[in-house]
Amino acid sequence: MEAGPFLPWLDEVRVAIRGEGETDVACGTCTACCSSSQFVHVEPDEVDALAHIPKALRFPAPGLPKGHVLLGYDERGRCPMLTDAGCSIYEHRPRTCRTYDCRVFEAAGLEADKPLIAERARQWRFDHPTPADEAAHESIRRAAAELDPALSATERAVRAVSGR
């Protein structure tokens with residue numbers, strides 16, 4: 001699947017990682033991230049998202065200040081807001097969902113921790129229209145390879161892409 005030119009994507013995802021914007025992932029009908037037994041962190045300032053997530057589905061986020069909550073998943077590993085028609089709160093989804101981008105795994109040359117996400121991430125292919133795109137992509141892959149392998153693939157991919 002076409003992931004687009006590397007450098008514009010990298011700029012966009014770094015803005016999202018800093019919490020200053022969203023990513024524009026061509027998910028189509030893919031719900032891998034919504035179906036992979038992942039907790040969704042919702043911060044206290046996300047008033048709109050919180051208004052659309054039933055209180056019974058939220059629980060305090062361990063180790064974070066009061067007001068930070070997690071949205072769990074059902075017995076099938078699916079987000080409880082996911083229906084057969086897609087995300088039931090898509091226009092009001094939490095920031096975590098708005099900034100999640102499985103292309104970080106392909107960018108970093110890493111296999112995702114979750115099988116459904118790994119399958120989807122393996123399909124992405126970035127364009128390298130300039131030598132700078134190719135150099136930046138290779139730099140991200142090198143950075144990911146140098147990170148502590150004890151970290152999760154997600155943490156390594158995000159750190160490599162963000163430059164942390």
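Points to keep in mind about this one:
- Among the conditions (1) assigned by TED's automatic domain parsing to the domain that holds His52; (2) not in a loop (DSSP other than H, G, I, E, B), His137 misses just one, which is (1).
- For Glu91: the one exception among (1) under 27 Å from Gly4 (Cβ atoms); (2) in contact with a His (Cβ under 9 Å, 6 or more places away or on another chain); (3) in contact (Cβ under 8 Å) with a residue 12 or more places away in the chain: (3)
- The condition (being under 28 Å from Ala143 (Cα atoms) and acidic (Asp, Glu)) is satisfied by just one residue among Glu75, Glu22, Glu91: Glu22.
- The range 1-11, subset modelled with pLDDT of 95 or more and outside any strand (DSSP E or B), residue surrounded by the most Cβ atoms within 10 Å (Cβ to Cβ): Trp9
- Residues in the range 27-43 that are part of a loop (DSSP other than H, G, I, E, B), touching a strand residue (DSSP E or B) at 6+ places or on another chain (Cβ under 8 Å) and not β-branched (Val, Ile, Thr): Phe39 only.
- Test for Glu111: is it in contact with a helix residue (DSSP H, G or I) (Cβ under 6 Å, 6 or more places away or on another chain) and of a type in the set (D, E, K, R): yes
- Within the range 52-95, tally of residues that are in a helix (DSSP H, G or I), of a type in the set (A, V, I, L, M, F, W, C) and either surrounded by 12 or more Cβ atoms within 10 Å (Cβ to Cβ) or under 20 Å from the mean Cα position of the chain (by Cα) (or both): 1
- Only one entry in Ala145, Ala132, Ala108 is farther than 22 Å from Glu12 by Cβ, touching a residue at least 24 places away in the same chain (Cβ under 8 Å) and hydrophobic (A, V, I, L, M, F, W, C), namely Ala145.
- Given (1) more than 14 Å from Asp11 (Cα to Cα); (2) out of contact with any strand residue (DSSP E or B) (no Cβ under 9 Å at 6 or more places or on another chain); (3) buried (at least 17 other Cβ atoms within 10 Å of the Cβ), number of the condition Trp124 does not satisfy: (2)
- Criterion: modelled with pLDDT under 95 and either outside any loop (DSSP other than H, G, I, E, B) or not assigned by TED's automatic domain parsing to the domain that holds Ala61 (or both) - qualifying residue of Arg142, Arg159, Arg98, Arg120: Arg98
- Top-ranked residue of the range 26-49 - restricted to ones that are among the aliphatic types (A, V, I, L, M) and closer than 29 Å to Ala121 by Cα, ranked as modelled with the lowest pLDDT: Ala26
- Residues in the range 101-113 that are crowded, with 21+ Cβ neighbours inside 10 Å and part of a loop (DSSP other than H, G, I, E, B): Asp101, Cys102, Leu110, Ala112.
The values are calculated or read from the model by the stated rules, or taken from the named source; none is laboratory data. These figures come from a predicted structure and were not determined experimentally. Reconstructed Cβ throughout: ideal geometry from the backbone, glycine too, with neighbour counts over all protein chains shown.
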